[in-house]
1. For Val75, tell me the accessible area in Å² from a 1.4 Å probe, rounded to the nearest 10.
2. If you take every residue apart from Phe14 with its C-beta less than 14 Å away from the C-beta of Phe14, what net charge results, scoring Lys and Arg +1 and Asp and Glu -1?
3. Each residue of region 87-92 in turn: what ³J(HN,Hα) in whole Hz from Karplus with 6.51, -1.76, 1.60 and θ = phi - 60°, glycine and Pro shown as x?
4. Quick one: net charge of Thr102's neighbours, Cβ under 13 Å, K/R +1, D/E -1?
5. Just to confirm a number: summing +1 for Lys and Arg and -1 for Asp and Glu over residues other than Cys38 whose beta-carbon lies under 15 angstrom from that of Cys38, what do you get?
Amino acid sequence: MITFDLKCSRGHVFEVWFESLESFEEQNSKKLVTCPYCEDTDIRKVLSPVAVRKSHSEDRPVPASIDYHKLAKEVVEYIHDNSEDVGPKFAAEALKMHYGVTEKRSIRGSATQEEERSLREEGIDFLKIPVPKISDADKKN
């Protein structure tokens with residue numbers, strides 16, 4: 001799989017994954033690649049901010065090992081600090097934002113399987129992440 005930064009003729013920039021460069025070129029030539037914002041099919045690749053090095057420098061320091069426990073804790077804290085907890089009203093709030101009744105914002109909460117299925121049918125994207133509750137004491141550690 002490979003990811004490309006793409007841009008439509010109206011200036012919207014978005015990221016898409018493809019099986020290969022050839023797969024992107026084939027789909028784009030058939031006008032199968034569309035802008036998720038305006039459905040424009042006049043799409044081109046743009047330079048990605050990610051650089052790929054083909055050779056490894058010997059004098060380059062080896063990165064320290066990753067503390068996955070700390071990383072997971074930081075991710076949970078980020079989600080907690082940057083989203084509103086709507087509890088069991090998650091599906092209702094997501095639907096309100098989707099239909100423009102309320103302003104879009106980052107929310108977190110819970111939903112039943114039936115509510116999740118309903119959100120998918122409405123075309124609402126969401127991400128399920130099991131996130132434990134964080135106390136102030138946990139934040140300090």
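The values are calculated or read from the model by the stated rules, or taken from the named source; none is laboratory data. Everything quoted here is computed from the prediction, not taken from an experiment. Glycine also receives a Cβ, built like all others from the backbone with ideal geometry; neighbour counts cover every protein chain displayed. Calculation scope for accessible area: heavy atoms of the full protein, side chains included, ligands and nucleic acids excluded. Shrake-Rupley method; radii C 1.70, N 1.55, O 1.52, S 1.80 Å.
1. Rounded to the nearest 10, that gives 70 Å².
2. Values: positive: Lys7, Arg10, Arg44, Lys45; negative: Asp5, Glu15, Glu39, Asp40, Asp42, Asp125.
Net charge in that neighbourhood comes out at -2.
3. Coupling constants for region 87-92: x, x, 8, 3, 4, 4 Hz.
4. On the way: positive: Lys89, Lys96, Lys104, Arg105; negative: Glu84, Glu93, Glu103.
Net of charged neighbours comes to +1.
5. Details: positive: Lys7, Arg10, Lys31, Arg44; negative: Glu39, Asp40, Asp42.
Its environment carries a net charge of +1.
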